[in-house]
Each structure stands twice: as C-alpha cells, then as structure tokens.
1. Among all residue pairs at least 6 apart or on different chains, which show Cβ distances below 6 Å where the first residue, located in the range 246-274, is more than 18 Å from Arg225 (Cα to Cα) and the second is aliphatic (A, V, I, L, M) and in a helix (DSSP H, G or I)?
2. Restricting the first residue to the range 147-167 and requiring it to be without any contact (Cβ under 8 Å) to a residue 12 or more places away in the chain and over 16 Å from Thr111 (Cβ atoms), which pairs with a second residue that is exposed (fewer than 13 other Cβ atoms within 10 Å of the Cβ) and polar (S, T, N, Q) meet a Cβ separation below 7 Å and a spacing of at least six or different chains?
3. Would you say Lys3 is of a type in the set (D, E, K, R) and either within 14 Å of Val76 (Cβ to Cβ) or surrounded by 14 or more Cβ atoms within 10 Å (Cβ to Cβ) (or both)?
4. Only one residue in Tyr187, Tyr171 is farther than 14 Å from Glu98 by Cβ and in contact (Cβ under 8 Å) with a residue 24 or more places away in the chain. Which one?
5. Restricting attention to the range 35-83, and to residues there that are among the β-branched types (Val, Ile, Thr) and part of a strand (DSSP E or B), which single residue is surrounded by the fewest Cβ atoms within 10 Å (Cβ to Cβ)?
6. Give the residue that is surrounded by the most Cβ atoms within 10 Å (Cβ to Cβ), with candidates limited to residues of the range 116-157 that are at positive phi and touching a Gly at 6+ places or on another chain (Cβ under 9 Å).
7. Among what's in the range 99-115 and is without any contact (Cβ under 8 Å) to a residue 60 or more places away in the chain and crowded, with 21+ Cβ neighbours inside 10 Å, pick the residue that is farthest from Asp74 (Cα to Cα).
8. Criterion first (assigned by TED's automatic domain parsing to the domain that holds Ile119, modelled with pLDDT of 95 or more and not hydrophobic (A, V, I, L, M, F, W, C)) does Asn161 satisfy it?
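The values are calculated or read from the model by the stated rules, or taken from the named source; none is laboratory data. Note that the structure is a prediction, hence the values are computed from the model and not measured. So basically every Cβ, Gly included, is an ideal-geometry build from the backbone, and we count neighbours across all protein chains shown.
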Amino acid sequence: MQKAANGQIGQFGVWTEKKLWKSVSDTAETYKVLLVDELQTIGNTLANVYNAPASIVLNANTAQIDGAATGQADTVALSKIPTCYVDARYVTVALGQEATNEVHQMQGGLTSKTPVGNIGMALGLLTRCNVAHSIGYVNACNLRNIISTEIEMGFGNAALNSGILTNPTPYDALSMPQLDALDDKGYIFLHKYAGYAGVFFSKDYSCSDGDYNCISRNRVINKSRRMVRRSLLPYVNAPIYLSSGGTLSTGDRTNFINIITDVLNAMKTAGEISAVGAVEFDNTTNLLQTKTLLFSYKVLPVGCAEMIKVTEGFTVTV
C-alpha cells in the first residue's frame, strides 16, 4: 500500500480476528499482550527501509483469550489485562465500540466474537485533525453526531444468546479506577465525560513511554521527515563543491540548512510544531570518502493538556 501511495499514507488501521491477549498460565497475574511487537517491526521497516513512517491503530480480538483453559477463553478478567507499553512507538491499541443491536449482531456473528471496534472513527479523526492534535481533543473530536452515545468495551463474557453477545461490558459498568487502570496501561478507548455530551477517544497514546508516546508526536515527526526528505531529494547525486579537507563549502552548507529550516518554519506556521530548534551539519566528514551529507534537526513539539486541575474554595475577600 505504501509503495502504491508513494509512501504518503500517514496512518493505518488494522482490524484483525487474532487475539490481543494470551493467558500464560492459570496462576499468572496478567495476560501477555500479543501482535504489538509484530506491528512495530512492520512500522520500523516502513520508516527505516521505505522512508514511509506511519502510525498503526490496532483493533484486535479482545473478546477471547488465547491459551486460556477450556471454558475460560470467552471470559476476559479485567484485572489481568496487561500493559501495552512495549516500546512500540508506531502502534496504538484501541478498545471499545458502539453498543447497538447491529454491532452486537455483527460481533456475535463471528466465530471469533471479535469486537467490531472503532478503526473507522480513529482513522476519520486522524485524517481530519492537525497532525499535532490528539484525537482525544474534546472540542474538536466529538463523535456525538457520528456514532451512538451508548458505548461498550466489547469484551467481558462473550457468551451468546440468540447470536447476540450477552455481556460485552458497557462503558458505564466500569468504575473510574478501572478506566484509569486501562489508561495507565497505555490503551486508548471510547470515553465519556460526566456533564458533557458526546463520545470521545480517551487519549492518543502509542505503545511507547518515550519521546514518541502518542500518535500526534509520531505524526509530527513523521511529517517533518517526509517534508525534509522531499525537499532534499532533488540534490541526490548533485555536484557538491568542497572546502579544504573534502568538507562541504560554507555556501552550500548554508543553502542546505536553509532548505531544511524553511520546511520546519512552514510546519510552525501551520501550527504543527511550537518552534524550530537547531538545524546542524556534521562538517567533519570527508565527502570525497563518504559521499554522504549528514544533517540533523530538532523541533519543539506542541504540548497537550491531558488533565486540567482546578482547586475551589470560599473566600471572605473579593
């Protein structure tokens, strides 16, 4: 797909009937998370081999547990859901779906009982949003007029009654500590706020707790990489004039740095980054030997207020 699109696809949705969680043993405190490492390997290949980095949003089978004992495969123990932070910056695991009869019939009609999920919603928001914005941005990403406000996790007890799941765990059945636990483990999910109409994605986490810990940061750096690469490609195999020692001449060095800086300034103007950091060139390389120009750049990303805290109280002075 990336080859056909000349590497311009910025995000993929993966819906699969393969199971997301595996029971290692009956005595294990948590399940093992599956699929994420495999998708990260694909993401690394896209980025580092094909110069086509992309975010991958995963909806997998969370209704059944791989390796569970007979009679237990259809029951998900909420307390055993594992973290999905596995150093996988290109992958995001999304949970949840609409709680409608149609969705229940579709899920129940699958032998695997895989949730219908929310891939379409996630990809739609990613396509519409500024690359620096979270798909959990409440003011801009309300799904109220797109999907039912009745939502569920899609897992729980996957027993069927006349082809319909009997207990796909309604969102409202989970306590705030349980939702917070899923959040802490790096999952994103369909979510509601008390006193505010609508349905939203909880966050935009990736399966990494490093610098690239959310989809938006990955999209920003991926876009900068694409744009800088596109701007520099015309100079591949071009004649390069050198200074003594085989290093790049001052004039050419300035020209290349300006090309990169112009790309990053355009992203700043578009509100995709906060500021342009250092753009540097390694001027110690003998280009007659290496035939390789080495540049680096850094940007200050846009921040995200995942939480706003306010302290209230009375006063006797006004």
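1. Gly246/Leu287; Gly246/Leu288
2. none
3. No.
4. Answer to the check: Tyr187.
5. Among those residues, the one meeting the criterion is Thr75.
6. The selected residue is Gly154.
7. Per the criteria, the residue is Val103.
8. no
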